[in-house]
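**Student:** Please find one structure pasted underneath; my questions will follow.
The values are calculated or read from the model by the stated rules, or taken from the named source; none is laboratory data. Nothing here was measured: the structure is a model prediction, and the numbers come from that model. Reconstructed Cβ throughout: ideal geometry from the backbone, glycine too, with neighbour counts over all protein chains shown. Just so you know, the surface numbers come from the protein's heavy atoms only, side chains and all, with ligands and any DNA or RNA stripped out. Shrake-Rupley method; radii C 1.70, N 1.55, O 1.52, S 1.80 Å.
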Amino acid sequence: MKTFLIHCIIAAYVVNWVLVQQEWLPFNAFVTFLVFLGAFFILWLSALVYNREYFRKMPKVIGLFFFFLKELIMANLKIAYDIITPRYFMNPAIIALPLKAKTDLEISLLANMLTLTPGSLSVDVSEDRKELYVHLLYAADEDVESIKLELKNGFERRILEITT
């Protein structure tokens, strides 16, 4: 985590230097993002020498981000379709999702990502911290086990890859 923060600060400084000192570059959000991305990529490659764990985990963090973005878009489209059509397809239920996540960070990340995804809301964690109760808008009775498997193989697996 410290390496990531240091890389972000250095990349931001590089962006500042490049855009202020180099007058030939236009100053806009796209160029700023590209310069930051380039500086961060070079710093990430240099981490191969001194921090292999960070070098290995950064692509997984980016993968989790894009997976979350995909799930966010798909859930929004599903709810928008349900609102626009005259018939409701909602079948709400609260399910108990068994957890492999053990630490507070892992459970909090999973619960927050599920809550931020439209159509799902994390309600509570069991006393023994082995189950997360999730309210789902689209949980057909015969489909509950496949939904649990999808959540475990999607969000939880990716979070555990990063945190362990």
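**Student:** In degrees from 0 to 90, rounded to the nearest 10, what is the angle of the helix 2-21 Cα long axis to the longest principal axis of the chain?
**Tutor:** It is inclined by approximately 50 degrees.
**Student:** Please work out how many pairs of lysine residues in the range 1-119 are eight or more positions apart (or on different chains) and have Cα atoms closer than 24 angstrom.
**Tutor:** Lysine pairs, 8 or more places apart or on different chains, close enough: 11.
**Student:** If you take Rg/Rh (Cα atoms, Kirkwood Rh) from the coordinates, which of (i) 0.93; (ii) 1.08; (iii) 1.10 do you get?
**Tutor:** After the calculation, the listed value that fits is (iii).
**Student:** Between V20 and L48, how high is the FRET efficiency from 1/(1 + (r/R0)^6) when r is the Cβ-Cβ distance and R₀ = 25 Å? Nearest 0.05.
**Tutor:** Between V20 and L48 the formula returns 0.25.
**Student:** Determine the relative contact order of the chain: mean sequence separation of Cα pairs under 8 Å and six or more apart, normalised by residue count, in whole percent.
**Tutor:** About 21 percent, as a whole number.
**Student:** Sticking with this structure for a sec: Mind pulling the angle between the C-alpha long axis of helix 29-50 and the longest principal axis of the chain? Nearest 10 degrees, somewhere in 0 to 90.
**Tutor:** 90 degrees
**Student:** Additional query: May I ask for the angle, rounded to the nearest 10°, between helix 104-116 and the longest principal axis of the chain, with both axes built from Cα atoms and the value confined to 0 to 90°?
**Tutor:** 70 degrees
**Student:** Looking at the range 105-164, which GluC sites (Glu not before Pro) are DSSP coil and have at most 10 other C-beta atoms within 10 Å of their C-beta?
**Tutor:** Of the GluC sites (Glu not before Pro), the ones in loops of the range 105-164 whose Cβ has at most 10 other Cβ atoms within 10 Å are E127.
**Student:** Pop out the carbon and sulfur fraction of the accessible area of the range 55-164 as a percent, whole number, probe 1.4 Å.
**Tutor:** Exposed carbon and sulfur together represent 65 percent of the surface.
**Student:** Okay, next question. Using a Debye calculation, one point per C-alpha and no hydration shell, please list log10 I(q)/I(0) for the range 68-126 at q = 0.20, 0.27 Å⁻¹ in order.
**Tutor:** -0.84, -1.17
**Student:** With +1 on each Lys and Arg Cβ and -1 on each Asp and Glu Cβ, and nothing else charged, work out how big the dipole of the chain is about its Cα centre, in Debye to the nearest 20.
**Tutor:** 580 debye
**Student:** Moving to a separate point now. Per the helix-only calculation at 222 nm, which mean residue ellipticity applies to the chain, given -39500 (n - 2.57) for every DSSP H run of n ≥ 4 and division by its residues, nearest 500 deg cm²/dmol?
**Tutor:** Taken over the chain, the calculation gives -21000 deg cm²/dmol.
**Student:** If amide hydrogens are placed 1.01 Å from N in the peptide plane, which non-local residues have theirs closer than 5 Å to the one on L97?
**Tutor:** Residues meeting the criterion, in which the H sits 1.01 Å from N, are L132, Y133, V134.
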